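Here's the structure we're looking at; comments come further down.
The values are calculated or read from the model by the stated rules, or taken from the named source; none is laboratory data. Predicted, not measured: the structure shown is a model, and the values here were computed from it. Neighbour counts are summed over all protein chains in view; Cβ atoms, including those assigned to glycine, are modelled from backbone coordinates with ideal geometry. Just so you know, the surface numbers come from the protein's heavy atoms only, side chains and all, with ligands and any DNA or RNA stripped out. Shrake-Rupley method; radii C 1.70, N 1.55, O 1.52, S 1.80 Å.
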Amino acid sequence: MESRRTTVRDVRRANRASLLTDLFHGGRQSRQQLGDTTALSQASISNLVGEMIEEGLVEEAGLVGSDGGRPRALLRVAPGFGYVVGADVGDTRVLVELYDLAMSRLGVASYDLGERGRDPGLAVAKLIEGLGVVVAQAEVDPDAVLGYGIGVAGVVDSGADAVVYAQTTGWDGVPLGAMLRAATDVPVFVENGAKTVGQAEMWFGAGRGARHAVILLVGTGVGAAVVMDGRNYRGASSSAGEWGHTTLVYDGDRCRCGARGCLEAYIGADRVIRRLAEAAGEPADPMLLTRLLAGDHPLPPPVAEVVAETVGYLGAGIAGLVNLFSPERIVLGGRTGLALGERFLPDIRAATARNALRQPYSKTRIEVCQLGPDAVAMGAATLPIARLLADGGLPAAAARGRHPAR
């Protein structure tokens, strides 16, 4: 097989990508500091930075003193060069958020899908409506939107149509990417929701700095993003991370996916809230778990029993991940995961320790998600940013004929 020859253009793109990625993740730095972190020559850095400043992609942001010389200009990715939109498509709700390139949230739109939550046509309609709403809220030029990231439940085929397979919601081969692209010119990126949370936590949250990590999304659905040597592990068919559908109890309770004994059938939000409602004698409100666990007051014995059992199941599930992947960090997120983790993290760690092998557990740290329950949308917004960084900022500016947003 003939190998592709590396061109001068390829090298330039790669060098721009290295600089842009380092500035985005490392924060404000001088040209001299970029030389240390990217291994590029000062001449290359000066030329490439000059290009990106002229394009509006990079800007000077303050000065830093130097040893006996003139102060050095600090550089950063220009927040207003462009904007990104992220969305969380849940069972009953669509959440849409708009960010600048400093990840400041500038617009939010939320829609209750009600009983028609499983209708992909309705979800697409609300995603497109939400895109228009957040752009209007932020008062930005629609042409300045670099991309629209969507986080969904289920397996997402990595092809151009971004086909979604989600047994739990009845989306069996829904070409979500194609449906959205037919309705908007904004570049669309579709990914599994647990993986978008994983990217957000690895970039900005509790996973930052780790090379081997598992980020958990425990809500109505239960999933995981597995990061190996700094890269998101997708598996042969992009379905890696369906942790909630690993068997916890042989021939156990029926799961939404149709199988029996899945972990999700024991720690998923619907199951936990239903059991808590029975124990507390209250209606099965979606916020019941959060409300009952808020504060540090003692729980009524029937409620405490349900919580203790749920923590035990969760710890057993996490122990399986520890034994399989030996991560240096496990991050617990999602509404149910946060509600349990913020009050019962020591108990979750203890339950994991009881079920995991001692040596890999001793090398693992279990933390709570730092980005809150709506991290799916924020993580989805990082999908177009990842493309921008990988391409060194070139395709967005060239393909869309844009000028810096104002």
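One residue stands out in the range 103-118 among those that are modelled with pLDDT of 90 or more and not in a strand (DSSP E or B): the one that is least open to solvent (accessible area, probe 1.4 Å), namely MET103.
For LEU127, indicate whether it is assigned to a helix (DSSP H, G or I), open to solvent by less than 20 Å² (accessible area, probe 1.4 Å) and in contact with a strand residue (DSSP E or B) (Cβ under 7 Å, 6 or more places away or on another chain).
On the way: assigned to a helix (DSSP H, G or I): yes; open to solvent by less than 20 Å² (accessible area, probe 1.4 Å): yes; in contact with a strand residue (DSSP E or B) (Cβ under 7 Å, 6 or more places away or on another chain): yes.
Yes, satisfied.
Taking the conditions exactly as written (crowded, with 24+ Cβ neighbours inside 10 Å, over 26 Å from LEU394 (Cβ atoms) and in contact (Cβ under 8 Å) with a residue 12 or more places away in the chain), does VAL94 satisfy them or not? Taking the combined requirement at face value, the residue satisfies it.
For first residues located in the range 353-376 and in contact (Cβ under 8 Å) with a residue 24 or more places away in the chain, partners that are open to solvent by 50 Å² or more (accessible area, probe 1.4 Å) and charged (D, E, K, R) and lie 6+ apart or on another chain with Cβ distances below 7 Å form the pairs LYS363/GLU328; THR364/GLU328; ARG365/GLU328; ILE366/ARG349; VAL368/GLU342; PRO373/ARG335.
Would you say LEU293 is open to solvent by less than 60 Å² (accessible area, probe 1.4 Å) and over 19 Å from ASP253 (Cβ atoms)? Reasoning before the result, please.
Numbers: open to solvent by less than 60 Å² (accessible area, probe 1.4 Å): yes; over 19 Å from ASP253 (Cβ atoms): yes.
The answer is yes for LEU293.
How many of the residues in the range 167-220 are closer than 14 Å to ALA375 by Cβ and in contact (Cβ under 8 Å) with a residue 12 or more places away in the chain? Looking only at that region, the number is 22.
Of all residues in the range 304-316, those that are within 16 Å of LEU263 (Cβ to Cβ) have Cβ atoms under 8 Å from Cβ atoms of residues that are assigned to a helix (DSSP H, G or I) and aromatic (Phe, Trp, Tyr), 6 or more apart or on another chain, in THR310/TYR266; VAL311/PHE344; TYR313/TYR266. Quick check on THR169: is it open to solvent by less than 40 Å² (accessible area, probe 1.4 Å) and either under 25 Å from ALA259 (Cα atoms) or assigned to a helix (DSSP H, G or I) (or both)? Yes, satisfied. Restricting the range 290-311 to residues that are charged (D, E, K, R) and over 22 Å from THR352 (Cβ atoms), the residue that is modelled with the highest pLDDT is ARG291. Residues in the range 120-160 that are at pLDDT below 90 and among the charged types (D, E, K, R): ASP157 only. Out of all the residues in the range 184-199, is one or more of a type outside the set (Ser, Thr, Tyr), more than 19 Å from VAL322 (Cβ to Cβ) and surrounded by fewer than 16 Cβ atoms within 10 Å (Cβ to Cβ)? Within the range 184-199, one or more residues are of a type outside the set (Ser, Thr, Tyr), more than 19 Å from VAL322 (Cβ to Cβ) and surrounded by fewer than 16 Cβ atoms within 10 Å (Cβ to Cβ).
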